[in-house]
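As structure tokens, the structure follows; a few thoughts come after it.
The values are calculated or read from the model by the stated rules, or taken from the named source; none is laboratory data. For clarity, every value in this text was computed on a predicted model and none was experimentally measured. All Cβ positions, glycine included, derive from the backbone under ideal geometry; neighbour counts span all protein chains shown. For accessibility, only protein heavy atoms count, side chains too; no ligands or nucleic acids. Shrake-Rupley method; radii C 1.70, N 1.55, O 1.52, S 1.80 Å.
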Amino acid sequence: MRETMKAVSILAILLLAAAGSLAGTAAAADNSRSIAIVFKDGHRQTLDMAEIARIDFKSPVVIVFKDGHQQSLPASTISRIDFEPAASVSLPSRNHFVGKWEVGLGGGGGNFYITLEADGEARKTHGESHGRWVLVDGEARISWDDGWHDVIRKVGSKHEKLAYEPGRSFDDSPSNVTTARNTEPRPI
């Protein structure tokens, strides 16, 4: 019953979003709308609404694209679906992430600190202390010398840290997801 209510709610949201993108005469602006499927493990998949023909809310959820290909997603893995015009989405800059971050260890094991320098150097107070970081799609991606990878990203008005154990890539599911807090916030 809960999955049915979730599917009906998601369908209603998508129908309202689609109706909003069809209203008006500015077709070019409507083509810039996108949806972001946010999964329970923290990763996101962004899709251009102009490329989607329909979404079938059966088990599993099936996204049918205008070019004919389909993508199936288990409804139980979806946390939420976000949508807004691409033009209004402002990704954080590199300077947004420079500084000292308090992050969780995962599994309720306490906190440690990650420091991101403007030159791409990274340090942490847990495990191998040295790494490098780059900005990719508005998130800080950190590769540590011990093989771990971390991501710090902005989610709404807060931040989270995703950790990937050695052998996993940024495209895999994270090993854990915790909160992240910049201890040296500066105006952007």
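Worth a mention:
- Considering S34, S79, the condition of being modelled with pLDDT of 55 or more, of a type in the set (G, A, S), open to solvent by less than 50 Å² (accessible area, probe 1.4 Å) and in a strand (DSSP E or B) is satisfied by S34 alone.
- Residue in the stretch 139-151 that is open to solvent by 80 Å² or more (accessible area, probe 1.4 Å) and in contact (Cβ under 8 Å) with a residue 24 or more places away in the chain present: no
- Boolean, G108 is modelled with pLDDT under 80, open to solvent by 30 Å² or more (accessible area, probe 1.4 Å) and over 17 Å from the mean Cα position of the chain (by Cα): yes
- Only a single item in (1) out of contact with any strand residue (DSSP E or B) (no Cβ under 7 Å at 6 or more places or on another chain); (2) surrounded by 13 or more Cβ atoms within 10 Å (Cβ to Cβ); (3) farther than 25 Å from K40 by Cβ is not met by K154, and it is number (3).
- Lone unmet requirement of (1) surrounded by 14 or more Cβ atoms within 10 Å (Cβ to Cβ); (2) at pLDDT 55 or above; (3) farther than 26 Å from D150 by Cβ for A50: (1)
- A residue that is at pLDDT 95 or above and hydroxyl-bearing (S, T, Y) can be found somewhere in the stretch 133-152.
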